[in-house]
Each structure stands twice: as C-alpha cells, then as structure tokens.
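Undergrad: I have a structure here, written as structure tokens, and I will follow up with some questions on it.
A short reminder: the numbers here are calculations on the coordinates, not readings from a lab. None of these values were measured; they are calculated from a predicted model. All Cβ positions, glycine included, derive from the backbone under ideal geometry; neighbour counts span all protein chains shown.
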C-alpha cells in the first residue's frame, strides 16, 4: 500500500508510548497497534484528529504517500 504510517517516529519524538497515546486518545491499544503496523485499511478523521491533537502534529507527519510501495 502506498500510504505509510509513521506513528512510531512521531511517538518517539514526543517520548510517548503507544499505551500512553491509547489512554490519551481513548482508543484501544489493539486498534492503535493495527494502525502503527500499517495493517489498517482506513482511519476515521475523528481518530486522526484526536491523535494529532494529542501528539501536537499534522496528519502529514503520521501518514505519508510512498510511491515506492505502489501496487
């Protein structure tokens, strides 16, 4: 899939764990793990907004288009 998830990098820069983000955004750890590993097929804008608010970042820092991974 050409959309790559860079949640790990943003979490590392913010010195926050996935568990802490899960609690702050009120999303299950399992669902965040699916997103983090790039296995998610969709994300709600409300979820993306909550993640961005919590991590003080832009959606483009989390989701990037990677031409090298086009199908």
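Undergrad: Pick out, from the stretch 29-71, the helices (runs of 4 or more DSSP H) lying fully within it that include 2 or more residues that are touching a strand residue (DSSP E or B) at 6+ places or on another chain (Cβ under 7 Å) and either free of Cβ contacts under 8 Å to residues at least 40 places away in the same chain or within 15 Å of residue 14 (Cβ to Cβ) (or both). Give the derivation first.
TA: Values: elements: 29-36, 45-55, 59-62.
Counting at least 2 such residues, we get 29-36.
Undergrad: To continue, here is another question. Do you know which residues across the stretch 2-28 are surrounded by 13 or more Cβ atoms within 10 Å (Cβ to Cβ), out of contact with any strand residue (DSSP E or B) (no Cβ under 8 Å at 6 or more places or on another chain) and outside any helix (DSSP H, G or I)?
TA: 16, 27
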